[in-house]
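Only one structure is covered here, and it is reproduced in the block below.
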Amino acid sequence: MELPFAESYKIKMVEPLRRSTREERIQWIKEAKYNLFNLRSDQVFIDLLTDSGTGAMSDRQWSALMMGDESYAGASSYFNLKESIQKIFGMEYFLPTHQGRAAENVLFSTLVKSGDIVPGNSHFDTTKGHIEFRHGKAVDCTIDEAFVTEMEHPFKGNIDLTKLEKVLSSYPAEKIPMIIVTVTCNTSGGQPVSMKNIREVKEMAVKYGVPVCFDSARFAENAYFIKLREEGYQNKTIKEIVFEMYSYADMMTMSSKKDGIVNMGGFIALRSQQIFRDAAVYNIMFEGFITYGGMSGRDMNALAVGLMESTEFEYLETRIKQIEYLGQKLIEFGIPIQRPIGGHAVFIDAKKFLPSVPKEEYIAQTLAIEVYIEGGIRGVEIGTLLADRDPESRENRYPALELLRLAIPRRVYTNNHMDVIAVALKNVWDRRDNIKTGYKILYEAPIMRHFTVELDKI
Ligand SMILES: *Cc1c(COP(=O)(O)O)cnc(C)c1O
């Protein structure tokens, strides 16, 4: 008999979880104004709100943390992190920042001007925010297949080269500060970009004289999918694949809270000394001196180790198999999810799950609330609340997809937890015909309303 799969780690430290009753949860979610962001974490049994900053560090990371050097300038922790970044990405220059959006703030302050055009694959919301804040325009060039949830495609994060060339040929190079390649593509469901696509994007970028920037939060998960799905990469290590991926990049921004497996941190890495020097000025203004940039020495040390660990095949296999395990269970129960299953989360197609709830009543949010009441599981709405209102007409923007995202933290939950999640969803699925109404807004902020919105039952 073939031995079954098991996690590539064992557990050394644990954190207690408290199970609650359905009655308690009905009360708590009402008090939270039906906004899952308003719940206290101890009112949640399994927290799938995000995989950002929620991972468990290893014993090696914790011991590196104890060796952190808190010197203001020239700390050994800075050099440890610099060495990891050079080894993994092959980039000469780097600037630490306190998280990913801070890296965007510093780099885009240097490069993005009013009227600029920034093509890419489904820009992440803070990335788009930082472009639009500077009166630039983010142009989505993701392949069309990405938006058909049930369609299987190995690299749904890919950039459509025809769409990209149209942008590159329509504006002068001075108006296009960079092409952004998001690996993996969060917005389209944690979907990877192929090496072939990355290479072709770089060739086109060179032809038009535009630099390429990787938005890198889940770069290691992307490399894992290349190893599994792309011809010619089966026998390469994750580190070799990552190194090749980044050989096609001129610069990168990183949210270390994802594939850095730390709770806080980010960085910019690049090849150009000139851009590094220009960005260093903003780093000092917004983040801190260039050898700490908003991070403690101990955190830089933990990140230096985290980057080495997240690029180990065994770690990635354990992580991505767990997401697949959950996704497969849901598929077996007949629950409509986005295919193929992504690298960090399972996305449930709420419109197909709750066809009787009108779109004006926030379908994915309604499902998120039901799943919380059923099992104390906290997911997040990726639907109309998140899409917000049109800035001019102030009408609700109804996105093509209403999704409930269940993001899985790194090295935190066991497959027993995955079983609980799957059964909770099945129980809601079995009573879906009785869920016909959703929610109405009592209060909303003028922008980014989903974080603080207050709702009531219809
Ligand atoms: C999380 C994320 C960011 C922003 O990083 P923060 O650390 O949350 O500020 C940017 N891009 C992508 C793709 C991300 O996933």
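A compact table of results
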| read-out | value |
| --- | --- |
| Euclidean distance of C-alpha centroids, the stretch 226-271 and the stretch 1-76, integer Å | 24 Å |
| D (Stokes-Einstein, µm²/s), Kirkwood Cα radius, the stretch 356-458, 0.890 mPa s at 25 °C | 167 µm²/s |
| Square roots of five times the Cα gyration tensor eigenvalues for the stretch 59-310, Å | 28, 22, 15 |
| Inter-label distance, nm, simple model (7 Å from Cα along the C-beta direction), GLU324/VAL14 | 2.8 nm |
| Mean Cα-pair separation over length for the stretch 59-310, i.e. relative contact order, pairs under 8 Å, 6 or more apart, % | 33 percent |
| Along each principal axis, Cα extent of the stretch 279-360, largest first, Å | 54, 40, 18 |
| The stretch 204-323: antiparallel DSSP beta bridges as a percent of all, rounded to 5 | 60 percent |
| Degrees between helix 297-310 axis and first principal axis of the chain (Cα, 0 to 90, nearest 10) | 80 degrees |
| Kirkwood hydrodynamic radius of the stretch 1-106, Cα pairs, Å | 18.7 Å |
| Selected from PHE89, MET151, GLN322, residue furthest toward positive end of dipole (the chain; charges at beta carbon) | GLN322 |
| Among beta bridges that DSSP assigns inside the chain, antiparallel share in %, nearest 5 | 65 percent |
| Solvent exposure of the chain as accessible area per residue, Å², 1.4 Å probe | 43 Å² |
| Of all DSSP beta bridges in the stretch 59-310, antiparallel share, percent nearest 5 | 50 percent |
| Low-density loop positions, GluC sites (Glu not before Pro), the stretch 177-269 - DSSP coil, at most 16 other Cβ in 10 Å | GLU231 |
| Relative contact order computed over the chain (Cα-Cα under 8 Å; 6+ residues apart), in percent | 23 percent |
| Listed pairs LYS166/LYS359; LYS207/LYS239; LYS351/LYS440; LYS175/LYS258; LYS87/LYS175 exceeding 25 Å between Cα atoms | LYS166/LYS359; LYS207/LYS239; LYS175/LYS258; LYS87/LYS175 |
| Whole-number percent relative contact order across the stretch 194-308, with pairs defined as alpha carbons under 8 Å at least 6 apart | 23 percent |
| Between the stretch 197-222 and the stretch 341-374, the Cα center-to-center distance that results, in Å | 33 Å |
| Crossing angle, helix 100-111 versus the chain [Cα axis fit, 0-90 degrees, rounded to tens] | 40 degrees |
| Helix 219-229 axis, angle to the chain major axis (alpha carbon atoms, nearest 10°) | 80 degrees |
| Fraction of alpha-carbon pairs over 33 Å apart in the chain - percent | 36 percent |
| Theoretical ellipticity at 222 nm over the chain - DSSP helices of four or more residues, -39500 (n - 2.57) apiece, nearest 500 | -12000 deg cm²/dmol |
| Assigned charges on the beta-carbon of Lys, Arg, Asp, Glu; the chain dipole about Cα centre (debye) | 280 debye |
| Computed lengthening from GLN234 to ILE441, 0.36 nm per intervening residue step minus Cα-Cα distance | 69.5 nm |
| Rounded to whole Å, sorted largest first: equivalent-ellipsoid semi-axes of the stretch 169-314, Cα gyration tensor | 25, 23, 12 |
| 12 Å reach of a label modelled at GLU332, 7 Å along Cα-to-Cβ, counting backbone N of the stretch 403-419 | 419 |
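The values are calculated or read from the model by the stated rules, or taken from the named source; none is laboratory data. Every value quoted in this text rests on a predicted model; they were computed, and no experiment measured them. A quick note on method: Cβ atoms are made from the backbone with ideal geometry, for glycine too, and the neighbour counts reach across all protein chains shown. Accessible surface areas use protein heavy atoms only, side chains included; no ligands, DNA or RNA. Shrake-Rupley method; radii C 1.70, N 1.55, O 1.52, S 1.80 Å.
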